[in-house]
Amino acid sequence: MRFTPLFILLFLAFTAYGYQTTVAVLPSDGTVLSNDELEVLTDKMRQAALKVLPTSAFVLVKQDVIVKRLGGAENFIKECKESTCIVNLGKLAQVDYVAQASVGKLGNKIRLKVELYNVSTEGLVGMLSDEESENIIGLLSIVEKRVPAEVFGKIAGASGGSKASPLVAGGISGLEKIADYEFGGGKRYLVNLSTEPPGAILSFNGVPAAGCPKTPCKIELGDGNVRIIAALEQHEIVDTTVSIARNNQSIAIRLKSSFGVLEIKPAYLDNIGEEDNWNLTINDRAYSSFENKFSPGNYNVKLNHRCYELVSFVAGINKGSHEIFDMASHIKLKKGGLDLSALRNGEPVVEPVFVNGKKVGDTPFSDAVPLCSEIEIGENRETVNLDLKHNEKVRYTLKLDKSVQGLGDSYAEKDAGKIFKTFWVVLGLGLDWAGAGIIYMGYNKNDKAKERYEYYKNMGPNDSAQQYEVAWNDVERLRSDRNMLYILGGVLLASGIGVHIWF
């Protein structure tokens, strides 16, 4: 069969006209954003591509088609961070160009990176790097404004891409008509914005508003339709369009939670171990609160306590769910074995045994008891301070007539100790009273010395020298007695105080 030159030209023209360039936008990658936020970012990337890629010459491959061609490798896409890996994914997806947005964190800001590769040449065609924002709304605004021209606009045949500058011709041409300025530009209204729950970040027609950073807030908006995007951590992003038509218009947006709540109710058996808190770990991370929010998924929960067996379970969290785990029916005390005997004068005796205030038997006693137990023996409830061990047996013998092995004094010794202590307490009180009484006597001697001294000073010329000497000797004697009483009383009082401190 012969092919004429005309037929060849027509065939080439038809082939060129019928071929469309295929472009794939891979799911966005980054751990600093939730799955819902990454999905919104991917959708915004696809919108940016459609702005500059004419449908007559380009095909933007659907996301489900991409995943199907990759064999359902969504996790592989998220873990792929190298340029060669992105190009290989483009080859598997059978496209001409492949693009992906990835996000990271620098300080308190989110960093955006967008890359576009030619799959056949493995060359980087367009790139947007090191763009930072405080939240997802800012990232969406950057993608909407810059990605169409700076990334997808670099593909040959894209509208709005770079074009060659025209040659300069002689003369003057290309003057643009200066339009008359029209005042007004449409009415503006004050709008009240709120979300349930509050605290959402807003953008209006893709642009964050400095005057309305978080809900609730007030803002001036132009009349007509306004696209509002509301984003709040652990909630689904809301993208809605609202018509603005009057002042003080109230707009309320309800956000659906993208999390579930896990609530754990701690419990104790017979109040054992209440002085210590349960230790909670979820996926090996410690939590101080027993009510927490989590993204949908399965979580390994562990509850530890020194008095109880380990409580471990898997909690399945769904979006909007509130799971409650009541520990009351799931806890079990740690126990240890105890062999307890009692001796008096070297002979075994029968004595009642109490565990946590309840009688559990008599000596010789052998049974399992809770690890966190107060063990007492005898009618006088003598405390047995022994160290129980989990799932092990401890043997102990209590001697009631001599010092107990490691427990302190026996009953008789404790009674003797009480008498001994009482004696010293009484002695201390006696010394206190004696010292105080003697000091009081010294105080009286001091008053008499003052009186005698005043008498001595008031003696007149008619008094003899002998009378002067007698009066002055009385003053000296009273002062000496006063000082002696002060010293003796102070010593006794100090001794009594010392006895009190020592005993």
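Worth a mention:
- Highlighted here are the strands (runs of 3 or more DSSP E) found entirely within the range 178-294 that include at least 1 residues which are surrounded by fewer than 17 Cβ atoms within 10 Å (Cβ to Cβ) and not assigned by TED's automatic domain parsing to the domain that holds residue 371: 188-196, 217-222, 224-231, 238-244, 249-254, 260-265, 279-282, 285-287, 291-294.
- Annotation for the range 250-267: no member residue is modelled with pLDDT under 90 and among the acidic types (Asp, Glu).
- Positions within the range 356-375 being assigned to a strand (DSSP E or B) and crowded, with 18+ Cβ neighbours inside 10 Å, in sequence order: 365, 369, 370, 375
- Check on residue 299, over 30 Å from residue 363 (Cβ atoms), without any contact (Cβ under 8 Å) to a residue 12 or more places away in the chain and in contact with a Leu (Cβ under 8 Å, 6 or more places away or on another chain): no
- Positions within the range 384-416 being surrounded by 12 or more Cβ atoms within 10 Å (Cβ to Cβ), at pLDDT 85 or above and either more than 28 Å from residue 310 (Cβ to Cβ) or of a type in the set (S, T, N, Q) (or both), in sequence order: 397
- When 336, 320, 346 are checked against the criterion of being touching an Asp or Glu at 6+ places or on another chain (Cβ under 7 Å) and of a type in the set (Gly, Ala, Ser), 336 stands alone in meeting it.
- The single condition among (1) farther than 21 Å from residue 367 by Cα; (2) surrounded by 15 or more Cβ atoms within 10 Å (Cβ to Cβ); (3) out of contact with any Asp or Glu (no Cβ under 8 Å at 6 or more places or on another chain); (4) aliphatic (A, V, I, L, M) that residue 315 does not meet is (3).
Each row is one residue, and each column tells you yes or no for (1) part of a helix (DSSP H, G or I); (2) of a type outside the set (Lys, Arg); (3) over 23 Å from residue 201 (Cα atoms); (4) modelled with pLDDT under 90.
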{"position": "49", "(1), (2), (3), (4)": "yes, yes, yes, no"}
{"position": "76", "(1), (2), (3), (4)": "yes, yes, yes, yes"}
{"position": "99", "(1), (2), (3), (4)": "no, yes, yes, no"}
{"position": "120", "(1), (2), (3), (4)": "no, yes, yes, yes"}
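- Per the listing 361, 336, 316, 357, the residue uniquely modelled with pLDDT of 90 or more, within 26 Å of residue 267 (Cβ to Cβ) and not basic (Lys, Arg) is 316.
- Among the conditions (1) polar (S, T, N, Q); (2) at pLDDT below 90; (3) within 30 Å of residue 305 (Cα to Cα), residue 234 misses just one, which is (3).
The values are calculated or read from the model by the stated rules, or taken from the named source; none is laboratory data. Worth saying up front: this structure is predicted, and the values here are computed from it rather than measured. Using ideal geometry, Cβ is built from the backbone for each residue, glycine included, and neighbour counts are taken over all protein chains shown.
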